[in-house]
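The values are calculated or read from the model by the stated rules, or taken from the named source; none is laboratory data. This structure is a prediction, so every number in the text was calculated from the model and none was measured. Neighbour counts run over all protein chains shown; Cβ positions are idealised from the backbone, glycine included. Heads up: the accessible areas ignore ligands, DNA and RNA and are worked out on the full protein's heavy atoms, side chains in. Shrake-Rupley method; radii C 1.70, N 1.55, O 1.52, S 1.80 Å.
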Amino acid sequence: MIQIERELAHTQAEIDNTATSLRDMNTRIDTESLFIAFQSIAPEKPTKPASPIRDALAQSGSLFIGSLADVIRFVFGALPWVPVVLGGAAILRFAGRRWKRIPFRWPWDRTPRA
């Protein structure tokens, strides 16, 4: 009976060692990384130098569209400030007339005073 218990314990130890080894190998397989690089063996075709004028003409459409988009962004960005600027100019004109008792003249207005 003792001999059977000893063999059973020995077999259980082998099973545990094998299970541990299997678990370690599965971990190594799961975490192993593989890097594959492909390179072309076909010779590259020589490219002829591009003309700057041809490049500019090829990009002119996208350049025009980009510039037009910038103008639209500026107009719609500046549009909310128009009432603020006009209101400030009206307040300055009113204050100038009120405090000086003379009509306010814009600096660029060259008409003679009455």
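Things to note:
- Per residue solvent-accessible surface (Å²) - the chain, probe of 1.4 Å: 102
- Where labels lie 7 Å past Cα in the beta-carbon direction, separation of Gln3 and Leu79 in nm: 10.1
- Heavy-atom accessible surface of the chain: percent carbon and sulfur, 1.4 Å: 66
- Estimated vicinal HN-Hα couplings, Hz - the stretch 59-66 in sequence order (Karplus 6.51, -1.76, 1.60; Gly, Pro = x): 9, 5, x, 5, 5, 5, 5, x
- Compactness of the stretch 55-100 as Cα Rg over 2.2 N^0.38 Å, two decimals: 2.09
- Listed values for the stretch 88-96 are Karplus-derived 3J(HN,Hα) couplings in whole Hz (6.51 cos²θ - 1.76 cosθ + 1.60, θ = phi - 60°), namely x, 5, 5, 5, 5, 5, 4, 5, x, and x replaces Gly and Pro.
- Two-site label geometry, Arg54 and Val71: point separation in nm, points 7 Å out along Cα→Cβ: 3.0
- Kirkwood Rh in Å, taken over all unlike Cα pairs in the stretch 3-83: 21.7
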